[in-house]
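The values are calculated or read from the model by the stated rules, or taken from the named source; none is laboratory data. What you are looking at is a predicted structure, and each value in this text was computed from that prediction instead of being measured. Please note: Cβ atoms are built from the backbone with ideal geometry, for glycine as well, and neighbour counts cover all protein chains shown.
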Amino acid sequence: MMLCLELFLSFLMIGFTSFGGMSMIPLINDQMLSHGWMTASEVADIVAIAEMTPGPLGLNCATFAGARTAGMAGALAASAGVLFPSFTVTMLAAVFLEKFKKSRLMSEALYGIRPVCIGMIFAVIIQQSMANYAGGLFGVVSWSAVVIGVVSLVVLLRFKWSIPKTIVLAAVLGLVLCGFDTGLPV
C-alpha cells in the first residue's frame, strides 16, 4: 500500500511539473531511477511501449510503470497521480477561461515556457538515443539499432509509411538483426 502511495505522489509531481507528452519522460526516468523501481533500459522499454500504445504518452507511461512496479494497484495509483493535475488544471482553466484568454501575463509566461519545452524534448531525444543506440552515456554503439532507426526514418519520411507499418518493420528488423537475444547491444 505504501508503494502505491509513493507511485501516486511521484506521478502527481510529474503531472504538476511537466507539460505533458515528451516533456514527462525525463521526470519519469528520474523518478523510476531514484526510487530504484526500474533501470534506465526498462524505462526506455516502457517509453517505447507507451509510444506505440494508443492514448496519451504520460498516462501510458504511468500505467505501465505502475503495473511493472506494483501490479494493478500500482497502475491505478500512478495513473490517478498523473491524471489528477491535468484534471485539476482543466477545471480551474474552465472557471477562469476569460481571464486567461486576455491576460498579458499569461501570454508572456507561455512565451517563456515554449523554449523550455523544446529544450526538454531535445533532452529526451539525447537521453533516449543514448539508451537505445549506445547502451548508456559511454556505451558501445549498437549498429543494428542505428540501422533500424535509419531505415525507420527513411520509410517514414521518404516513402510516407504509416507509424504502425513502420513499427512492424522495425520489429522484424530487430528480430532479423538481433535475434531473440536479451536486448544487449549488438
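Miscellaneous remarks
- A Cβ distance below 8 Å, combined with a sequence gap of six or more or placement on separate chains, defines the contacts here; from the stretch 105-133, residues that are farther than 13 Å from Phe19 by Cα reach residues that are among the polar types (S, T, N, Q) and surrounded by 11 or more Cβ atoms within 10 Å (Cβ to Cβ) in the pairs Val124/Ser23; Gln127/Asn29; Ala131/Ser41; Asn132/Ser142; Tyr133/Ser142.
- Evaluated against (1) exposed (fewer than 12 other Cβ atoms within 10 Å of the Cβ); (2) on the phi < 0 side of the Ramachandran plot, Ala134 falls short on exactly one condition, (1).
- Within the stretch 94-122, restricting attention to residues that are among the hydroxyl-bearing types (Ser, Thr, Tyr) and in a helix (DSSP H, G or I), the residue that is nearest to the chain's Cα centre (by Cα) is Tyr111.
- Reported count of residues in the stretch 1-33, each being of a type outside the set (A, V, I, L, M, F, W, C) and not in a helix (DSSP H, G or I), is 2.
- Only listed residue being under 24 Å from Ala134 (Cα atoms), modelled with pLDDT under 95 and not aliphatic (A, V, I, L, M), chosen from Ser18, Ser41: Ser41
- The lone exception for Leu9 - which of (1) buried (at least 17 other Cβ atoms within 10 Å of the Cβ); (2) over 27 Å from Ile163 (Cα atoms) it fails: (1)
- Residue within the stretch 78-92 that is among the polar types (S, T, N, Q) and closer than 17 Å to Asn29 by Cβ present: no
- Scanning the stretch 34-93 for residues that are in a loop (DSSP other than H, G, I, E, B) and in contact (Cβ under 8 Å) with a residue 24 or more places away in the chain gives His35, Trp37, Met38, Pro56.
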